[in-house]
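Below is one structure, written out as structure tokens, with a few remarks after it.
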Amino acid sequence: MQQNEPQQAVETIATETEKPKKKGFWAEALSWLKELAIAFVIIGLVCIFLIQPVRVEGTSMCDTLQNGEIMLVTKPEYLFGDPAFGDVVICRYPGRGLEIFVKRVMGLPGDVIEIRDNVVYRNGEAVSEPYLTPDRNDNGFDMAPFSLGEKEYFVMGDHRDRSHDSRNYYPDGTPSAITRDMIHGHVRWVAFPFNQIRTVE
């Protein structure tokens with residue numbers, strides 16, 4: 001029994017010295033602030049370069065997107081490539097500052113876009129648009145052929161009667177393209193409400 005006592009005492013001392021010292025309040029608070037700052041930086045980088053949640057405001061993209069839905073927008077494909085015809089994108093308009101719009105790419109650089117009785121013609125061929133809801137796009141809109149230059153894109157909302165877009169950008173109804181640098185992301189999914197989660201085509 002006497003031979004075991006010193007070993008027990010040593011073990012007790014070792015256990016006590018391994019106990020971490022408690023941090024003071026301000027040291028603990030500073031540690032939490034550092035972790036929060038790192039988390040915000042990571043989230044910011046993800047939103048800039050990878051994926052960004054954006055809330056839909058308005059009805060210009062009905063029925064593809066509904067007012068109040070939250071969509072997920074991806075960035076990498078437009079950092080390393082260009083938008084494709086039919087992509088739903090987030091973009092900015094000339095003279096509208098940092099305001100973000102959600103539209104569909106209907107014309108690419110070099111295309112000629114024309115609209116007859118609300119039917120879109122791309123390079124002389126009628127575009128099939130199964131995502132349109134007929135009774136929401138029945139105003140018989142017409143637009144003379146509009147040619148797109150280098151790095152110019154023509155964007156439109158899916159609810160044509162409610163969308164302010166490339167067809168009628170200026171107050172007098174004159175159309176206007178947007179340039180490549182005004183397109184910032186590809187809308188891929190609806191993430192909220194949860195019962196409406198879906199991909200965006």
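Here are a few things to note about the model shown:
- Scan of segment 142-201 for residues that are β-branched (Val, Ile, Thr) and without any contact (Cβ under 8 Å) to a residue 12 or more places away in the chain, ordered by number: THR174, ILE197, THR199
- Within segment 62-102, the only residue that satisfies the criterion of being in contact (Cβ under 8 Å) with a residue 40 or more places away in the chain, among the aromatic types (Phe, Trp, Tyr) and over 26 Å from ARG136 (Cβ atoms) is TYR78.
- Applying the set (1) charged (D, E, K, R); (2) part of a loop (DSSP other than H, G, I, E, B); (3) within 19 Å of CYS62 (Cβ to Cβ) to ARG188 leaves exactly one unmet item: (2).
- Selected residue [farther than 22 Å from LEU132 by Cα, modelled with pLDDT of 90 or more and assigned to a loop (DSSP other than H, G, I, E, B)] from ASP63, ASP82: ASP82
- Criterion (surrounded by 14 or more Cβ atoms within 10 Å (Cβ to Cβ), assigned to a helix (DSSP H, G or I) and of a type in the set (Asp, Glu)) met by exactly one of ASP161, ASP135, ASP181: ASP161
- Qualifying residue in segment 116-127 (condition: among the basic types (Lys, Arg) and either touching a Gly at 6+ places or on another chain (Cβ under 7 Å) or crowded, with 17+ Cβ neighbours inside 10 Å (or both)): yes
- For segment 77-88, the count of residues that are surrounded by fewer than 19 Cβ atoms within 10 Å (Cβ to Cβ), under 15 Å from the mean Cα position of the chain (by Cα) and more than 13 Å from MET182 (Cα to Cα) is nonzero.
- Checked against (1) among the small types (Gly, Ala, Ser); (2) without any contact (Cβ under 8 Å) to a residue 12 or more places away in the chain; (3) surrounded by 16 or more Cβ atoms within 10 Å (Cβ to Cβ), GLY107 meets all criteria but (2).
- Here ALA126 clears all of (1) under 30 Å from LEU79 (Cβ atoms); (2) modelled with pLDDT of 90 or more except the condition numbered (1).
- Scan of segment 110-131 for residues that are touching a Ser or Thr at 6+ places or on another chain (Cβ under 9 Å) and assigned to a loop (DSSP other than H, G, I, E, B), ordered by number: GLY110, ASP111, TYR131
- With respect to the stated conditions, ARG162 is among the charged types (D, E, K, R) and farther than 18 Å from GLY86 by Cβ.
- Considering residues of segment 139-175 that are closer than 13 Å to MET106 by Cβ and small (Gly, Ala, Ser) only, the residue nearest to the chain's Cα centre (by Cα): GLY157
The values are calculated or read from the model by the stated rules, or taken from the named source; none is laboratory data. On a predicted model such as this, the values are computed, not experimentally measured, just so you know. All Cβ positions, even for glycine, are placed from backbone atoms using ideal geometry, and neighbour counts span all protein chains on display.
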